[in-house]
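Visitor: Can you read through this structure? Questions will come right after.
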Amino acid sequence: MIDTQHRFRGHGSLRFVYQRGQTIRGQYCSLKYVANRRRSTYRAAVVVSKKVSKSAVVRNRIRRRLYEAVRRAAPQIQGAYDLVFIVYSDQLAELPAEGIERAVVEKLEKAGIFAPDKRPNQSGRDIVEPKENQS
């Protein structure tokens, strides 16, 4: 789970992201994001409607898995952004963890939020790629 400082509080913040945010769509979910100058770090929310699954157990499983993928990618998130992941496929409940993390990272990279020279590895630690030597 992500820390409470990285979570949304109340519907007003979500409404702001829905109205003013930009969207990046993917196969299983989409990302709505907007820069937040009032904060020093990012905030994330995962929205899974009853249209995805009638079962609260499945919806909560999807939510937990996406929050975990965001938590693992958190060190590479640069800037203060409000991120809302909107799920529209129940296949995320059965997808391997690597697939979910890959989907989250791809959306963050497309949005320009993800640091380009770092990426998480299997253990959750960062891999820093060496910078090219300009001689």
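Visitor: Can you confirm whether region 26-36 contains a residue that is small (Gly, Ala, Ser), in contact with a Ser or Thr (Cβ under 8 Å, 6 or more places away or on another chain) and in contact (Cβ under 8 Å) with a residue 24 or more places away in the chain?
Guide: Yes; the residues of region 26-36 include at least one that is small (Gly, Ala, Ser), in contact with a Ser or Thr (Cβ under 8 Å, 6 or more places away or on another chain) and in contact (Cβ under 8 Å) with a residue 24 or more places away in the chain.
Residue by residue, here is whether (1) part of a loop (DSSP other than H, G, I, E, B); (2) surrounded by 18 or more Cβ atoms within 10 Å (Cβ to Cβ); (3) at pLDDT below 90; (4) β-branched (Val, Ile, Thr) holds:
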site: 40; (1), (2), (3), (4): yes, no, yes, no
site: 46; (1), (2), (3), (4): no, yes, no, yes
site: 51; (1), (2), (3), (4): yes, no, no, no
site: 59; (1), (2), (3), (4): no, yes, no, no
site: 70; (1), (2), (3), (4): no, yes, no, yes
site: 85; (1), (2), (3), (4): no, yes, no, no
site: 92; (1), (2), (3), (4): no, yes, yes, no
site: 107; (1), (2), (3), (4): no, yes, no, no
site: 110; (1), (2), (3), (4): no, no, no, no
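Visitor: List pairs: first residue in region 1-16 and more than 15 Å from residue 35 (Cα to Cα), second residue part of a helix (DSSP H, G or I) anywhere in the structure, Cβ distance under 8 angstrom, at least six positions apart or on different chains.
Guide: Partner pairs satisfying both residue conditions: 1/64; 1/67; 1/68; 1/71; 2/67; 2/70; 2/71; 2/74.
Visitor: Follow-up question, since we're still on this one. Taking only region 30-59 into account, find how many residues are hydrophobic (A, V, I, L, M, F, W, C) and in contact with a Leu (Cβ under 7 Å, 6 or more places away or on another chain).
Guide: 4
The values are calculated or read from the model by the stated rules, or taken from the named source; none is laboratory data. The shown structure was predicted, so the numbers you read here are calculated from the model rather than taken from an experiment. Glycine also receives a Cβ, built like all others from the backbone with ideal geometry; neighbour counts cover every protein chain displayed.
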